[in-house]
1. From D156, D171, D197, grab the single residue that is assigned to a strand (DSSP E or B), assigned by TED's automatic domain parsing to the domain that holds W276 and either aromatic (F, W, Y) or free of Cβ contacts under 8 Å to residues at least 40 places away in the same chain (or both).
2. Return the residue satisfying two criteria in turn: it lies in the stretch 91-115 and is surrounded by fewer than 18 Cβ atoms within 10 Å (Cβ to Cβ) and in contact with a Leu (Cβ under 8 Å, 6 or more places away or on another chain), and of such residues it is modelled with the highest pLDDT.
3. Among the residues of the stretch 313-357, write down those that are closer than 21 Å to E100 by Cβ and of a type in the set (V, I, T).
4. Test S213 against the stated conditions and say whether it is over 25 Å from the mean Cα position of the chain (by Cα) and within 30 Å of R190 (Cβ to Cβ).
5. When the stretch 164-192 is examined, which residues are found to be in contact with a strand residue (DSSP E or B) (Cβ under 9 Å, 6 or more places away or on another chain), of a type in the set (G, A, S) and modelled with pLDDT under 90?
6. Step by step: first the residues of the stretch 326-383, then only those that are among the aromatic types (F, W, Y) and surrounded by 16 or more Cβ atoms within 10 Å (Cβ to Cβ), then the one that is nearest to V311 (Cα to Cα). Which residue is that?
7. When you scan the stretch 163-218, how many residues do you find that are crowded, with 16+ Cβ neighbours inside 10 Å, within 18 Å of S34 (Cα to Cα), out of contact with any helix residue (DSSP H, G or I) (no Cβ under 7 Å at 6 or more places or on another chain) and not hydrophobic (A, V, I, L, M, F, W, C)?
8. Mind telling me which of the residues G368, G382, G377 ends up being small (G, A, S), free of Cβ contacts under 8 Å to residues at least 12 places away in the same chain and assigned by TED's automatic domain parsing to the domain that holds N435?
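The values are calculated or read from the model by the stated rules, or taken from the named source; none is laboratory data. Just so it is clear, the model here is predicted, and its values are computed rather than measured. Cβ atoms come from the backbone with ideal geometry, glycine included; neighbour counts cover every protein chain shown.
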Amino acid sequence: MKKLMFSLVFIPVLLKAMPLLIEIDPVMTAQGFSGITLFESTVSTYGNPALLAAKRTSVTYINEQCKIPVDYIYSLVSPIPRQPQWLSGLANDMRLYYYEYTIRPLSKRLWKFSSPTLSFYRFKGTYGRVSDYTSDGKYIEWSPYDEIKAVGIGTDIDSTLFAGIRAKYYDSYLIPEDLLEDAFGLKGGRAKGFLFDFGLIANTKMGLRYGVSLLNLGGPIKYSPEDNGDSPPTFIRQEVSFNSYDFINFIRNITGIYRLSMLNTLGGFTYSTAIWTDMVGDLHEIWKGKGYEVNILNLFFIRKGYFNDTVGSRIGETSGFGFKLGNIVYNFANDSAIYSFTQPKNWRVSLTLTDNTTSLKLIKKLIGRNNTVKLMGILAPGGGHLIIGEKYKGIFFFGLTNLFLKAAEKETDIMKIAFLLTGAGVYAYSIIDLNKILRTM
């Protein structure tokens, strides 16, 4: 019965907090949970859907191994775990997974608006195995989980006002219905429904930006028809930020010194300060955060931040770093210092595959354009396709290869071999197809 009470009391707290409250993006985490106005964020739709307007085509995985060659290399040489260690301390099988696909399907502006960027993300938290006995002595074992699937869209008006909206479908599984009815005479045990997010960013184009996002708007979360339900944690996030990139471009335009653009090639600096306000909670608690990022050659990123949550007793520094390998981006963050209890480093890790070619210039000079494209296609299935404009193919090859290789992990014997061979076949064909395209260009 202790395990049952754990599931009924502790798990609902996790179900509400993890997918709807906890910041998962390493870029934002490292900067004191700020960053909802920074276009460099890897997971734009999670904190502010308006950031979608500044994004192109990309795939991001967080706290989940992505089955591409560079990720296998990382797994072998890095001491940083792919899952925060405190999760397994709560439950042995506890895991958090997140991935996001963004794509800009059109290249032309629509009336006054830029071409919209679409996004799909999926969050899933699994909280270990829970077991109990029914009143007639039947043993039942189950795995509570929380899953959110979201679709978002963002666009901008003349690069001064960015707007985005997202619809989220949540599915929270707490306890088998027959066990809940047997123990408490209640039906249910699972909550489903829709929530919505809205976001805006005002960009002065002089380095200063203001952003606001409304998160988790919607009806109550109910695990039983007889229950009145709980309001979702609905927040207003506000932020003011400064970035050197826009500032340098502004100075260049008013002075006519166009060589100033070279400074943005060498690197840059961002600073952001943010506040979260709870719209429905009894305490209307306010979280505050601030942080900065130093960019070196658009290849290496160093981040620091400070977070203050007096109600939840989470106060302290955050930190992180990132690096780019062509159009593959890794980001890391640690926020263990904000907790009052001692714990190992609480790492968040993300891998992003993008069609941004800015950091490819140096590699192109060293080995040539076609060899650079081939190299990225070898390091990530579809990686080469993304940087030559074949974004649909790139996402298809990346997603399909990972689908088969991940499926192989769950199988044994002949099925495992079949999935492995199929995944390897898709990966090999992506390289063959890339070479065919390059020969015609």
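1. Details: D156 fails: either aromatic (F, W, Y) or free of Cβ contacts under 8 Å to residues at least 40 places away in the same chain (or both); D197 fails: either aromatic (F, W, Y) or free of Cβ contacts under 8 Å to residues at least 40 places away in the same chain (or both).
Only one candidate qualifies: D171.
2. The residue in question is S115.
3. Matches in the stretch 313-357: I328, V329, V349, T352, T354, T357.
4. Details: over 25 Å from the mean Cα position of the chain (by Cα): no; within 30 Å of R190 (Cβ to Cβ): yes.
No; evaluated as a whole, the condition is false for this residue.
5. S172, A183, G189, A191
6. Residues of the stretch 326-383 among the aromatic types (F, W, Y): 330, 332, 339, 341, 347.
Keeping just the survivors that are surrounded by 16 or more Cβ atoms within 10 Å (Cβ to Cβ) gives 330, 332, 347.
Working: Y330: 32, F332: 27, W347: 23 Å.
Top of the filtered list is W347.
7. Here the count works out to 2.
8. Working: G382 fails: free of Cβ contacts under 8 Å to residues at least 12 places away in the same chain; G377 fails: free of Cβ contacts under 8 Å to residues at least 12 places away in the same chain.
None of the other options fit; the residue is G368.
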